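Inspection log for the structure reproduced underneath, given as structure tokens.
All of the numbers you see were taken from the coordinates with simple rules; none came from a lab. Because the structure is a prediction, the values reported are computed rather than measured. Ideal geometry is used to build each Cβ from the backbone, glycine not excepted, and the neighbour counts take in all protein chains shown.
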Amino acid sequence: MPLFSHNSTPAGPPGTPPGQGDDGGASTTLERVAQKTEPPRLFQVLLLNDDFTPMEFVVMVLQEYFRHDLDTATQIMLKIHHEGRGVCGVFTKDVAATKVEMVLAAARRAGHPLQCTMEAA
Ligand code: TYC
């Protein structure tokens, strides 16, 4: 959707108000067109519990990839440990997908089976 719609013929010199150009009576009018931009859809990034990934590694992931402080990261990790899954953060689709890939890559590099996924918020 364009920012402006305009009807016919050029305007007058710079600074000439719309519709008052020396255009032989044919005027140009700029109208504001209502913008319809939907807010981006948001996605939760989740970590899943397992029996093998060390708690310290999960806390490190929550600090390094989701910028949580140590206390918050520890609380989220314990919630996942007890409830099976937990939200690391909420992001636009591309950012969420990148976080998932980075966490999975870090877990595989370290030899841990940690699972990370995303779902519509
Ligand atoms: N359950 C794991 C353990 O006891 C810790 C853990 C927490 C693993 C959160 C994954 O997403 C996870 N070592």
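To the nearest 20 debye, what is the magnitude of the charge dipole of the range 65-108 about its Cα centre, counting +1 on the Cβ of each Lys and Arg and -1 on the Cβ of each Asp and Glu?
120
Could you work out how far apart the two model spin labels at GLU83 and GLU38 are, taking each label as a point 7 Å from the Cα in the direction of the beta carbon, and quote it in nm?
With each label placed 7 Å out from Cα toward Cβ, I get 2.8 nm.
In what sequence, highest mean first, do 78-91, 57-70 appear when ranked by Cβ atoms within 10 angstrom?
On the way: 78-91: 15.7, 57-70: 17.4.
Top of the packing list down: 57-70, 78-91.
Quick check for me: using +1 on Lys/Arg Cβ and -1 on Asp/Glu Cβ, what's the dipole size of the range 42-120 about its Cα centre, in debye to the nearest 20?
Its charge dipole is roughly 180 debye.
Could you quote the convex hull projected area for the range 42-120, Cα atoms only and averaged over all directions, in nm²?
It is 4.4 nm².
Please give the length that would be gained between LEU48 and ALA110 if that part of the chain were fully extended, namely 0.36 nm times their separation in residues minus their C-alpha to C-alpha distance (nm, one decimal).
Taking LEU48 through ALA110 to full extension adds about 20.7 nm, to one decimal.
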